[in-house]
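Enquirer: Pasting a structure here, questions to come.
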Amino acid sequence: MAYRHIDVRTLTPAVGAEIRGVDLREPLPDEVFGEVRSAFLRHQVVFFKEQEALTPDQQVAFARRFGGLHLHPAAPHLEGRPEIFVIHTHKDSKIANGNGWHTDVSCDDEPPLGTMLQLHKLPGQGGDTLFASMYAAWDALSAPMQAFLETLTARHESEHIYRGRYSDRNVDDTGKVYPETSHPVCRTHPETGRRALYVNRAFTTRIEGLGVAESKALLNFLFEHVEQERFQVRFKWEVNDMAFWDNRCLQHHAMWDYWPEERKGHRVTIQGDRPYLVPLEAAAAAAE
Ligand code: SIN
């Protein structure tokens, strides 16, 4: 696709592109926004380069162009701004957010469509984020395996992740009930119509309808499958870069290899819809 208003540099054949030529502090004209949206849908994660730090209002305004906002069920947010999740790791941190392969908040009935993260402070080295295309992971499976997975749903839970996780950041979760839900193992992307594998190491706890050992073996196979380098891009941040990733077809992993240094930024997530799978015959009929 030719872009007239933005400069798009593809990073790998499977996933990821850098975007230059937009200043995210300003409202984007519709024709520019349309190209940004196309690049996002095509590359699954886009990195806006050469940015200034956005104010919370500017970041929220840009995120809202893609839809209503999603509120994180557990994480610490900016004072008075529940829609701004403060990503912050330093020498006293006990955990680093996203330090393992996952899809954001897949334990929600309607998990976030996408996540927008701007980093304002970076360590001297490290702190990269890796992204893996779940379209590519799905496409690489054999037809018989795909046919089997299409019949399955999986449980996604969060109690084991979120309980007490942010206690060192003054989040008291006494009495809080954390979300859990079921989703298809393969989902149809609501905008591109492509199929993506939708299980992740962090939240997916079991495949429904299988025995415990069967579920464990299948999930282990899928977790290892999706983590192959050929599906990935590794992003090296510069200060004020803004990443925007599509949780409907991606997993990511934020490396915590920079302790005791500090890494900090603001994350906003956009509300998604309930994952579904369009059966192949229905997809084919719709395409005719
Ligand atoms: C996250 O999973 O949202 C964190 C990503 C990052 O810090 O790079």
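Enquirer: How high is the FRET efficiency between Ser142 and Asn99 when r is their beta carbon distance and R₀ equals 51 Å, given to the nearest 0.05?
Expert: For Ser142 and Asn99, the calculated efficiency is 0.95.
Enquirer: Rank-order 43-53, 124-134 by packing density, defined as the average count of other C-beta atoms within 10 Å over each peptide's residues, highest first.
Expert: 43-53, 124-134
Enquirer: Another one. Quick one: what are the phi-derived ³J(HN,Hα) couplings along the stretch 81-86, Karplus 6.51/-1.76/1.60 with θ = phi - 60°, whole Hz, x for glycine and proline?
Expert: The phi angles translate into 10, x, 7, 10, 7, 8 Hz.
Enquirer: Take the Cβ-Cβ distance between Arg81 and Tyr276 as r, set R0 to 41 Å, and report the resulting FRET efficiency rounded to the nearest 0.05. Write out the running numbers ahead of the final one.
Expert: On the way: r = 32 Å, r/R0 = 0.77.
Taking R0 as 41 Å, the efficiency between Arg81 and Tyr276 is 0.85.
Enquirer: Related question: Which entries of Lys91/Lys121; Lys94/Lys236; Lys49/Lys236 have Cα-Cα distances beyond 18 Å here?
Expert: Numbers: Lys91/Lys121 14 Å; Lys94/Lys236 23 Å; Lys49/Lys236 11 Å.
With Cα atoms farther than 18 Å apart: Lys94/Lys236.
Enquirer: Compute the Kirkwood hydrodynamic radius of the stretch 85-151, taking the inverse of the mean of 1/r over all pairs of distinct Cα atoms, and give it in Å to one decimal.
Expert: 15.4 Å
Enquirer: Run the reach check for Lys216 against aspartates and glutamates, Cα to Cα strictly under 20 Å, same-chain hits fewer than 8 apart removed. What comes back?
Expert: Glu150, Glu157, Glu159, Glu180, Glu208, Glu224, Glu227
Enquirer: Would you mind computing the Rg to Rh ratio of the stretch 192-250 from its alpha-carbon coordinates, Kirkwood style for Rh?
Expert: Ratio of gyration radius to Kirkwood radius: 1.07.
Enquirer: In the P(r) worked out for the stretch 1-72, what percent of Cα pairs fall beyond 17 Å?
Expert: Summing the P(r) of the stretch 1-72 above 17 Å gives 45 percent of all pairs.
Enquirer: How much length is gained if the chain between Arg230 and Ala217 is pulled fully straight, taking 0.36 nm per residue apart and subtracting their Cα-Cα distance, in nm to one decimal?
Expert: Answer, rounded to one decimal: 2.4 nm.
Enquirer: Now for a different question. Step through the residues of the stretch 261-274 one at a time and calculate ³J(HN,Hα) from phi using the Karplus curve (6.51 cos²θ - 1.76 cosθ + 1.60, θ = phi - 60°), rounding each to whole Hz and writing x for Gly and Pro.
Expert: Each residue of the stretch 261-274 in turn: 6, 10, 9, 8, x, 10, 10, 10, 10, 9, 4, x, 10, 6 Hz.
Enquirer: What FRET efficiency comes out for the pair Ala2/Arg25, r = Cβ-Cβ distance, R0 = 25 Å, nearest 0.05? Kindly include the intermediate steps, with their values, before the conclusion.
Expert: On the way: r = 26 Å, r/R0 = 1.05.
E(calc), rounded to 0.05, equals 0.45.
Enquirer: Have a look at the stretch 14-113 and give its Rg and Dmax from the Cα atoms, expressed in angstrom.
Expert: Calculated on Cα positions, Rg and Dmax stand at 15.2, 45 Å.
Enquirer: Can you give the translational diffusion coefficient of the stretch 93-224 in µm²/s, computed by Stokes-Einstein from the Kirkwood radius over Cα pairs at 4 °C and 1.567 mPa s?
Expert: Translational diffusion coefficient: 78 µm²/s.
Enquirer: Same structure, new question: Give me the accessible area per residue for the chain, probe 1.4 Å, as a whole number in Å².
Expert: That works out to 45 Å² for each residue.
Enquirer: Quick one: with all protein chains in place, what share of the accessible area of the chain is carbon or sulfur, to the nearest percent (1.4 Å probe)?
Expert: Carbon with sulfur: 51 percent of the solvent-accessible area.
Enquirer: While we're on this one: Return the whole-Å distance between the Cα centroid of the stretch 1-47 and the Cα centroid of the stretch 242-288.
Expert: Result: 16 Å between the Cα centres.
Enquirer: Taking the chain, how much of its Cα-Cα pair set, in percent, is spaced more than 24 angstrom apart? Intermediate results must be reported in sequence, preceding the final value.
Expert: On the way: 20992 of 41328 pairs.
Everything past 24 Å amounts to 51 percent.
Enquirer: How large are Rg and Dmax for the stretch 140-288 when calculated on the C-alpha trace, in angstrom?
Expert: My reading of the Cα-based Rg and Dmax gives 18.0, 57 Å.
Enquirer: Can you give the translational diffusion coefficient of the stretch 57-115 in µm²/s, computed by Stokes-Einstein from the Kirkwood radius over Cα pairs at 10 °C and 1.306 mPa s?
Expert: Approximately 121 µm²/s, per Stokes-Einstein.
The values are calculated or read from the model by the stated rules, or taken from the named source; none is laboratory data. Quick caveat: nothing in here was measured; it's all calculated off a predicted structure. Using ideal geometry, Cβ is built from the backbone for each residue, glycine included, and neighbour counts are taken over all protein chains shown. Ligands, DNA and RNA are excluded from the accessible area calculation, which covers all protein heavy atoms including side chains. Shrake-Rupley method; radii C 1.70, N 1.55, O 1.52, S 1.80 Å.
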